[in-house]
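Colleague: Have a look at this one.
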Amino acid sequence: MYRYGKSAFRTIEEGSEKEWSLINGLGGFANGTILGNTSRMQAGYLIASFSPPVDRYLILSKIQERLTIDKDTADFACQLYLREPKEGHRYLQSFTYDILPEFHYQYGGFHMKKYIAMEYGHNTTAVCYEIENGSKESLLSLTPLFSCRDMGKVCTSAEQHPTTELSGQMLTLHYDRLSEHPIYFYSSEGVYYDRNLIPTSMATPNYLVEENQYYLIDNRTGFGGLDNHATPYDIQISLKPYEKKNFFCICSTEPIKPDACDGFAIASRYRKRIYQLMDMPQSQDSLSRKFAWASDQFITRRDSTGLKTILAGLPWFADWGRDTMIAMTGLTLCSGRFKDCWEILSSFARYEKHGLLPNVFPNSAKDAPMYNTIDASLWYFYAVERFLHYTGTEEDYRFIETEIYPVLEHIIAAYQNGTDFSIGMDSDGLIYGGSDKDQITWMDVRVGDWVVTPRHGKPVEINALWYNALQVMAELAAHFHKDASGYLSLAAKVKASFTEKYWNAEKQCLYDVADPFEDAVRPNQIWAVSLPYTMLSPEQEKAVVQTVTEKLYTAYGLRSLAPDEDGFQKEYIGALIKRDGAYHMGTVWAFPLGGYISAYCKVHDHSPEAIQHALEMIHLIEDHMKDGCINGIAEVFDGETPCTSRGCYNQAWSVGEIFRAYTEDILPYM
């Protein structure tokens with residue numbers, strides 16, 4: 001449970017730094033801040049996915065509440081606007097995130113608890129209320145804010161006039177731009193009041209649109225747009241003195257059956273499911289349970305395969321090959337979700353093309369996946385090895401042999417013989433790739449013709465992964481009674497070439513790229529120490545970890561470039577082009593911290609002192625999980641003073657890699 005009192009939200013700006021999120025297992029989600037406001041365009045009570053896990057639309061932004069007692073009104077809504085803000089956080093006594101987000105309001109003798117839940121497997125959200133009135137009659141008015149837009153865009157006021165149908169407690173909205181998906185809204189209590197009947201003036205021309213919402217986080221990253229939402233009706237609930245009342249609202253893109261719907265049951269099911277997931281990790285310490293809860297944010301269904309996949313990050317990423325293979329161990333295996341891991345491996349096997357796995361699945365189902373990655377296919381071998389390491393049953397080996405092993409053979413052959421994006425194997429056995437404007441490693445920013453971090457040639461982590469892949473293939477071939485000698489001899493050649501070419505004696509670490517050589521100190525070398533199969537001597541591994549510690553380590557991750565290197569950028573903020581220029585030029589990334597912790601423990605022989613130090617690193621990240629996206633780990637942080645969450649507020653490989661390192665390299669040695 002995460003609990004926040006008024007000291008956490010003295011101002012709207014302060015409270016907006018902490019967000020909650022829920023998921024529905026389809027790629028849809030809900031999120032907002034601990035104040036109840038929305039601070040970014042990809043926020044709301046219901047973001048629906050119409051082609052799971054993509055084609056995501058904002059349907060219900062929020063529900064705003066107002067209490068009227070005699071002539072006094074308390075507006076519990078909190079939001080920034082172009083002009084005056086709504087400051088309902090003045091009445092907010094506390095916010096609790098105990099699986100579900102709960103808001104506790106008080107005005108005089110009136111108390112209101114409000115919590116939000118999603119129906120797993122459906123584009124449906126429930127908003128539940130528990131009310132205790134004071135000594136006077138009062139009127140509680142709920143105003144739902146509807147939308148029907150791509151989650152990454154905003155709407156003008158003119159675009160927010162849907163047609164509506166009201167039948168009893170059921171309101172149906174139709175937008176021409178998404179005519180095949182009506183919006184259904186049901187309230188278990190109250191009377192609908194047509195806001196078109198509210199008297200207007202020049203100062204208040206209409207009450208049918210909530211105009212000019214301003215998104216604080218988006219503005220910080222260079223977006224100056226304003227958003228508008230449809231508000232066709234209020235739901236008015238009369239309360240007698242001292243009356244207690246529980247009621248709920250449900251919003252869905254699926255028809256609602258009034259006699260069969262229950263918002264409180266939806267909330268109960270959501271809680272129960274998360275508690276069951278928290279019971280699944282082998283270790284039942286509190287942090288493992290938190291990580292199991294956090295892992296569920298990313299595991300979702302993909303319609304095109306009918307199998308599970310992993311969203312790269314919330315709120316805007318879809319499923320990506322590289323991110324999935326890196327994150328999967330922590331998210332599925334450490335959390336005990338072995339069947340989900342099986343499905344994800346199978347799902348991506350179906351998309352292999354020319355030896356490559358998709359780098360990115362776009363946010364629209366109409367667009368084809370993009371294959372511009374050199375490392376996703378190599379991380380796939382790592383994911384397969386980890387799957388068998390954690391499960392290891394004969395049934396699992398049969399699955400790998402029949403469905404996955406042929407794909408692995410195809411990948412090896414493609415890399416040896418050459419494939420797309422100038423990827424191929426040189427005469428020294430090492431893998432090269434990239435040319436001109438290609439960006440095929442994880443440091444992949446390109447702005448027009450500006451390739452920020454080219455890394456063309458033989459990147460260090462690619463060849464560390466290549467060696468690991470060859471060793472994995474040798475192990476699998478032997479298990480399946482096939483000839484492993486070719487893989488072993490090539491692995492030996494790769495090891496000899498790697499140790500000769502990549503060692504930078506002057507800086508006591510590894511070159512970031514060979515042929516041509518790039519000696520900037522970057523975090524990519526850490527995987528040459530942390531992967532299951534590695535090539536360096538123990539002395540070299542220890543030196544790499546020491547250099548990374550001195551140059552790149554921070555409490556929240558590893559810098560993407562050492563501060564004393566040319567081009568180092570100290571912060572990741574501002575307009576997109578400025579952020580793109582800093583993305584891999586010093587910005588701190590959380591996910592390499594998993595590899596760093598594994599490497600640190602390895603070179604110190606998992607000694608008690610090393611484990612204690614690694615545990616302290618984990619506790620620093622645990623502290624971050626109270627901030628930003630609560631119970632999540634952000635994508636990136638500033639390079640000079642990493643503190644505030646940047647980029648995606650919750651990133652799959654950030655959570656997955658740190659959970660993996662905690663499970664594999666700390667817990668067994670405590």
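Colleague: Search segment 300-313 for residues that are in contact (Cβ under 8 Å) with a residue 12 or more places away in the chain and pair each with any residue that is among the hydroxyl-bearing types (Ser, Thr, Tyr) and open to solvent by 20 Å² or more (accessible area, probe 1.4 Å) when their beta-carbon atoms are under 6 Å apart and the residues are at least 6 apart or on different chains.
Modeller: Final answer for the pair search is Asp303/Ser51.
Colleague: Filter segment 215-224 for residues that are touching an Asp or Glu at 6+ places or on another chain (Cβ under 8 Å) and open to solvent by 20 Å² or more (accessible area, probe 1.4 Å) and give the result.
Modeller: Hit for segment 215-224 is Leu216, nothing else.
Colleague: I've got another one for you. I want to confirm something. Restricting to segment 85-114 and keeping residues that are touching a His at 6+ places or on another chain (Cβ under 6 Å) and open to solvent by less than 60 Å² (accessible area, probe 1.4 Å), which single residue is farthest from Glu137 (Cα to Cα)?
Modeller: Ser94
Colleague: Quickly run through segment 2-14 and pick out the residues that are within 22 Å of Lys290 (Cα to Cα) and either open to solvent by less than 60 Å² (accessible area, probe 1.4 Å) or aliphatic (A, V, I, L, M) (or both).
Modeller: Tyr2, Tyr4, Gly5, Ala8
Colleague: Does Val452 fit the bill of being within 27 Å of Pro523 (Cβ to Cβ) and surrounded by fewer than 20 Cβ atoms within 10 Å (Cβ to Cβ)?
Modeller: Taking the combined requirement at face value, the residue satisfies it.
Colleague: Just for strands (runs of 3 or more DSSP E) wholly inside segment 19-130: which have at least 1 residues that are over 21 Å from the mean Cα position of the chain (by Cα) and charged (D, E, K, R)?
Modeller: Once the strands (runs of 3 or more DSSP E) in segment 19-130 are filtered for at least 1 residues that are over 21 Å from the mean Cα position of the chain (by Cα) and charged (D, E, K, R), what remains is 54-69, 72-75, 100-107, 110-118.
Residue by residue, here is whether (1) under 20 Å from Val360 (Cβ atoms); (2) in contact with a helix residue (DSSP H, G or I) (Cβ under 6 Å, 6 or more places away or on another chain); (3) open to solvent by less than 50 Å² (accessible area, probe 1.4 Å) holds:
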residue	(1), (2), (3)
Gly457	no, no, yes
Ala474	no, yes, yes
Lys482	no, no, no
Ser485	no, no, no
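For every residue, the table says whether it meets (1) open to solvent by 10 Å² or more (accessible area, probe 1.4 Å); (2) modelled with pLDDT under 95; (3) touching an Asp or Glu at 6+ places or on another chain (Cβ under 6 Å).
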{"site": "Glu17", "(1), (2), (3)": "yes, yes, no"}
{"site": "Gly27", "(1), (2), (3)": "no, no, no"}
{"site": "Ser61", "(1), (2), (3)": "no, no, no"}
{"site": "Arg66", "(1), (2), (3)": "yes, no, yes"}
{"site": "Asp70", "(1), (2), (3)": "yes, yes, no"}
{"site": "Ala77", "(1), (2), (3)": "no, no, no"}
{"site": "Arg83", "(1), (2), (3)": "yes, yes, no"}
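Colleague: Turning to a different aspect of this structure: Of everything in segment 131-153 that's more than 27 Å from Arg302 (Cα to Cα) and assigned to a loop (DSSP other than H, G, I, E, B), which residue is most open to solvent (accessible area, probe 1.4 Å)?
Modeller: Glu137
Colleague: Determine whether Tyr193 is open to solvent by 30 Å² or more (accessible area, probe 1.4 Å), among the aromatic types (Phe, Trp, Tyr) and out of contact with any Pro (no Cβ under 8 Å at 6 or more places or on another chain).
Modeller: yes
Colleague: Now for a separate question. Take Glu159 and tell me if it is among the acidic types (Asp, Glu), out of contact with any Lys or Arg (no Cβ under 7 Å at 6 or more places or on another chain) and closer than 25 Å to Thr33 by Cα.
Modeller: In short, no.
Colleague: Okay, moving on. Among the candidates Tyr397, Tyr467, Tyr432, Tyr405, which residue alone is crowded, with 22+ Cβ neighbours inside 10 Å, farther than 30 Å from Gln569 by Cα and among the aromatic types (Phe, Trp, Tyr)?
Modeller: Tyr467
Colleague: Report yes if some residue within segment 143-157 is farther than 30 Å from Asp55 by Cα, touching a strand residue (DSSP E or B) at 6+ places or on another chain (Cβ under 8 Å), among the charged types (D, E, K, R) and at pLDDT 95 or above; otherwise report no.
Modeller: Looking through segment 143-157, none of the residues is farther than 30 Å from Asp55 by Cα, touching a strand residue (DSSP E or B) at 6+ places or on another chain (Cβ under 8 Å), among the charged types (D, E, K, R) and at pLDDT 95 or above.
Colleague: Return the pair list, or none, for Cβ contacts closer than 8 Å from residues in segment 421-449 that are within 22 Å of Tyr487 (Cα to Cα) to residues that are of a type in the set (Ser, Thr, Tyr) and open to solvent by less than 20 Å² (accessible area, probe 1.4 Å), at least 6 apart or on different chains.
Modeller: Short answer, once both residue conditions are applied: Ile423/Tyr415; Gly424/Tyr415; Met425/Tyr415; Asp428/Ser497; Gly429/Ser497; Leu430/Ser497; Ile431/Tyr415.
Colleague: Next up: Hey, can you tell me all the residues within segment 154-185 that are of a type outside the set (Val, Ile, Thr), open to solvent by 30 Å² or more (accessible area, probe 1.4 Å) and not in a helix (DSSP H, G or I)?
Modeller: Matches in segment 154-185: His161, Glu165, Leu166, Ser167, Gly168, Gln169, His174, Ser179, Glu180, His181, Tyr184.
Colleague: Also, I was wondering about something else. Quick one: in segment 573-590, of everything that is modelled with pLDDT of 95 or more and either basic (Lys, Arg) or touching a Gly at 6+ places or on another chain (Cβ under 7 Å) (or both), which residue is most open to solvent (accessible area, probe 1.4 Å)?
Modeller: Here the residue is Met585.
Colleague: For the list (1) part of a helix (DSSP H, G or I); (2) touching a helix residue (DSSP H, G or I) at 6+ places or on another chain (Cβ under 7 Å), I need the number of the one condition that Ser497 fails.
Modeller: (2)
Colleague: Something else about it: Taking only segment 527-542 into account, find how many residues are buried (at least 21 other Cβ atoms within 10 Å of the Cβ) and small (Gly, Ala, Ser).
Modeller: Number satisfying all stated conditions: 2.
Colleague: Contact list please: Cβ distance under 9 Å, first residue in segment 485-501 and charged (D, E, K, R), second residue open to solvent by 70 Å² or more (accessible area, probe 1.4 Å), pairs at least six apart or on different chains.
Modeller: Correct list of pairs: Lys501/Phe517.
Colleague: So Asp234 passes all but one of these: (1) open to solvent by 20 Å² or more (accessible area, probe 1.4 Å); (2) of a type outside the set (Phe, Trp, Tyr); (3) within 23 Å of Ser157 (Cβ to Cβ). Which condition number does it fail?
Modeller: (1)
The values are calculated or read from the model by the stated rules, or taken from the named source; none is laboratory data. If you're wondering where the values come from, they're calculated on a predicted model, not measured in any experiment. Please note: Cβ atoms are built from the backbone with ideal geometry, for glycine as well, and neighbour counts cover all protein chains shown. Each accessible area value is taken on the protein alone, full model and side chains, heavy atoms only, with ligands, DNA and RNA left out. Shrake-Rupley method; radii C 1.70, N 1.55, O 1.52, S 1.80 Å.
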